[in-house]
Amino acid sequence: MLVFITFSGLKASTVEFLSKAVLAKSYFRDMNPRTLSALVSFGKKYMVTAAPRIMVEPFLKEYLGVESVVGTELQVLSNGYCTGLIQSGSLLLSGRRKLEALKNFFETIHVSCPDTGFGSSDSDYPFMSWCKEAYKAIQKSEEIVLPSSAQERIKPLVFHDGRLAVLPTPAMALAIFLWTPLAIVLALLRILVPHTPYSVMLPLAALLGIKLRIKGSFPPKDPAAPGKLLFASSHRTLLDPVVLSGVLGREVTAVTYSISRLSELLSSIKTVRLSRNRASDSRTMRRLLSSEDVVVCPEGTTCREPYLLRFSPLFAEVSDNIVPVVMYAEMGLFYGTTARGWKWMDPFFFCMNVQPSYTLEFLQALPDERTCGRGKRTSVEVANYVQEELARASGLKPTALTRKDKYQFLTFVQ
């Protein structure tokens, strides 16, 4: 019944996407670290599960390098939609059915039996007894850190989608259900905070449960030359420039690579959309910097996990007055970012958390010798230096991944 309710009417491709891009975080969180460490140490790995195969196979192949998955087969129509029924001639794999399915599979690949088997419940004993060696995973009683050798064999989880930031256990699902009505009211009030005067913005945010941590010293603003500071920030949510403006207590202009029209209308600060034409964008940013402070997120898109994407070097070409800013957002129940969903809802979901929080750290402005104009550095050198400085200050890991990599992975668009 649960299988029918869950999968009826869904496209098989959607289920595969959910496995790799949405459920991956929950799968990793729910796996036994010791078993995971042992699993990735083997060469060829095969998995048998009672779960529908298309629900787990993309994740297992993508992150753990599993060769093949034997699981419950769902009935899929010619148009690609799941009926929610189990495929004709197939059964829900459990107990001895797992053993039978494994034997049939190993016959097709001409292997007598597995060398080592891992199971997690009593229903796994039949197929475990068929393996040359067998081990049962025990429930972890404490937090276990994977050894570095095992971590190197597992593809790191950098990109994932979905709105829930917690594992939806029955107790947690009930808590979310009870919290949601109050969360909607709170979110509506919190979204209005950036539209209030700067003098009351931060106290009002604290009153409504928004937590802000500020490190470093605010960059000075020369009264004789207003603006002209370029803030290069790590990117966690759409609210990054808004939060920065509120903390500074003055107007800044956000230049962005992608933002919805509705988000532009709802924004409490001025936003300017870049065209992705290098010459045109350079002229736009130089014009803005001639009279006002500007904030840019060189990554071009958000990243939920503790990684920094590659920095676009354009910002380094347009100004030498660059102030790196570490932005880190913490979300308890809901993620305030999405790749396939409605982006204009991102601030709303962020504000629906029990205590949404932001950490900002202002780093020292770039020294002259580290800039393009006065220091004669290339824009790529400056961008890489800023990325490294932000990584050092925040503990985030710098990568060479780009916005294109993220959307190819999360949306399957090439």
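When the chain is treated as a GNM with alpha-carbon contacts under 10 Å, the residue of 85, 186, 390 showing the greatest mean-square fluctuation is 85.
Rounded to the nearest 10 degrees, the inclination of helix 96-108 to the longest alpha-carbon principal axis of the chain is 90 degrees.
Ligands, DNA and RNA are left out, and with a 1.4 angstrom probe the accessible area of the range 160-216 is 60 Å² per residue.
Look at where the Cα atoms of the range 3-24 and of the range 47-99 average out, and the two centres are 12 Å apart.
For the peptides 104-112, 60-68, the ranking by mean Cβ contacts within 10 Å, running from highest to lowest, is 60-68, 104-112. Springs between Cα atoms under 10 Å define the GNM used for the chain, and in it the highest mean-square fluctuation of 121, 282, 94 occurs at 121. About the centre of its Cα atoms, the chain shows a dipole size close to 520 debye [charges on the beta carbon of Lys, Arg (+1) and Asp, Glu (-1) only; nearest 20 debye]. From its DSSP helices (H runs of at least four residues, each -39,500 (n - 2.57)), the chain gives a residue-normalised ellipticity at 222 nm of -11000 deg cm²/dmol. Residues in the range 1-115 average 52 Å² of solvent-accessible surface per residue, probe 1.4 Å, ligands and nucleic acids excluded. Just the protein heavy atoms count here, and of the accessible area of the range 288-414 at 1.4 Å, carbon and sulfur take up 51 percent. Rounded to the nearest 5, the antiparallel percentage of DSSP beta bridges internal to the range 287-414 is 75%. Given a 1.4 Å probe and every protein chain left where it sits, what share in percent of the accessible area of the range 1-107 is carbon and sulfur? Looking at the range 1-107 in its full context, I get 55 percent from C and S. Add +1 for every Lys or Arg and -1 for every Asp or Glu among the other residues with Cβ under 12 Å from the Cβ of residue 125, and state the total. The answer is +1.
If packing is taken as the average count of other Cβ atoms within 10 Å, what order do 290-299, 331-340, 370-379 fall into, highest mean first? The partial results should precede the final answer.
Values: 290-299: 21.4, 331-340: 19.5, 370-379: 15.9.
In decreasing order of mean packing, 290-299, 331-340, 370-379 become 290-299, 331-340, 370-379.
Which of the pairs 25/270; 20/132; 61/136; 20/215; 132/397 have their Cα atoms more than 29 Å apart in this structure? Violating the 29 Å limit, Cα to Cα: 25/270; 20/132; 20/215; 132/397. Within the listed set 78, 280, 120, the residue fluctuating most in the Gaussian network model of the chain (springs between alpha-carbon atoms under 10 angstrom) is 78. How much of the DSSP bridge set in the chain is antiparallel, in percent, rounded to the nearest 5? Counting only bridges with both partners in the chain, antiparallel ones make up about 25 percent. Taking the C-alpha atoms only, the angle from helix 170-192 to the longest principal axis of the chain is near 20 degrees.
The values are calculated or read from the model by the stated rules, or taken from the named source; none is laboratory data. Please read all numbers here as calculations on a predicted model, not as lab measurements. Every residue, glycine among them, receives a Cβ derived from its backbone with ideal geometry; neighbour counts consider all protein chains shown. SASA here: full protein model, heavy atoms, side chains in, ligands and nucleic acids out. Shrake-Rupley method; radii C 1.70, N 1.55, O 1.52, S 1.80 Å.
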